[in-house]
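I have placed the structure first, in the form of structure tokens, so that the comments after it can refer back to it.
The values are calculated or read from the model by the stated rules, or taken from the named source; none is laboratory data. For clarity, every value in this text was computed on a predicted model and none was experimentally measured. With ideal geometry, Cβ positions are generated from the backbone for all residues, glycine too; neighbour counts draw on all protein chains shown.
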């Protein structure tokens, strides 16, 4: 006689990925991302930044301190906690904060990596480029986080490219006051545009795109 499951609500263990579905662990893909960012911005990866107290950010150069994030989901929550932490760490290093987000499930041919930087910095940094800016109501919040949808970024990229402009998605935390110490308005831009800002010596057209 088979034993009855006394805890039917208990979740079953998830099946392991099929052979060939994923070849690298999460820590390995994160390390690769951090190394790539450090190389592209003309700086370095911060080794074991999440494991050793006192080490800040995941990658850096002389101007920027970068927090690297990855997600397999079709969205990413850009939270006040993430922005406040990297902003505070960058301020301590006298650098500019940035968050690079890689959507691992982004369809082939679309920009998989995007960077969140302070909107004021964007306006100062790439005045020579034509921007295609969107500020959706759903990316304005009085809460603690914003849900950035992968398909919205993909559609924005297509629209901007068709017009010969750079896509910019505005994320605005309406509730944050100046006393909190972080910017209320951030801009999501393609990774290769961020690299041009962070490392001006890198030609815009020659920055490698993520696949």
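I'm told residue 205 meets every condition in (1) farther than 28 Å from residue 89 by Cα; (2) outside any loop (DSSP other than H, G, I, E, B); (3) at pLDDT 90 or above except one. Can you identify the failing condition by its number?
(3)
Yes/no per residue for (1) closer than 21 Å to residue 103 by Cα; (2) modelled with pLDDT of 90 or more; (3) surrounded by fewer than 20 Cβ atoms within 10 Å (Cβ to Cβ); (4) in contact with a helix residue (DSSP H, G or I) (Cβ under 7 Å, 6 or more places away or on another chain):
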site	(1), (2), (3), (4)
114	yes, yes, no, yes
131	no, no, yes, no
147	yes, yes, yes, no
153	yes, yes, no, no
164	no, yes, yes, no
174	no, no, yes, no
189	yes, yes, no, yes
195	yes, yes, no, yes
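How many residues are within 22 Å of residue 67 (Cα to Cα) and in a loop (DSSP other than H, G, I, E, B) when one looks only at segment 111-146?
Residues flagged as within 22 Å of residue 67 (Cα to Cα) and in a loop (DSSP other than H, G, I, E, B) within segment 111-146 amount to 5.
For segment 63-79, name all the residues that are crowded, with 16+ Cβ neighbours inside 10 Å and part of a loop (DSSP other than H, G, I, E, B).
The answer is 63, and nothing else.
Taking residue 158 as meeting all but one of (1) in contact with a helix residue (DSSP H, G or I) (Cβ under 9 Å, 6 or more places away or on another chain); (2) modelled with pLDDT of 90 or more, write down the number of the exception.
(1)
May I ask you to verify whether residue 16 is over 14 Å from the mean Cα position of the chain (by Cα), crowded, with 17+ Cβ neighbours inside 10 Å, over 15 Å from residue 97 (Cβ atoms) and modelled with pLDDT under 95?
No, not satisfied.
Given the conditions (1) closer than 18 Å to residue 188 by Cβ; (2) within 16 Å of the chain's Cα centre (by Cα); (3) surrounded by fewer than 21 Cβ atoms within 10 Å (Cβ to Cβ), report the number of the one that residue 101 does not fulfil.
(3)
Residues that are closer than 16 Å to residue 194 by Cα and part of a loop (DSSP other than H, G, I, E, B): does segment 147-169 have at least one?
The answer is yes; a qualifying residue exists.
Against the conditions (1) within 28 Å of residue 139 (Cα to Cα); (2) at pLDDT 90 or above; (3) touching a strand residue (DSSP E or B) at 6+ places or on another chain (Cβ under 6 Å), where does residue 57 fall short? Just the number, please.
Condition (2) is where residue 57 drops out.
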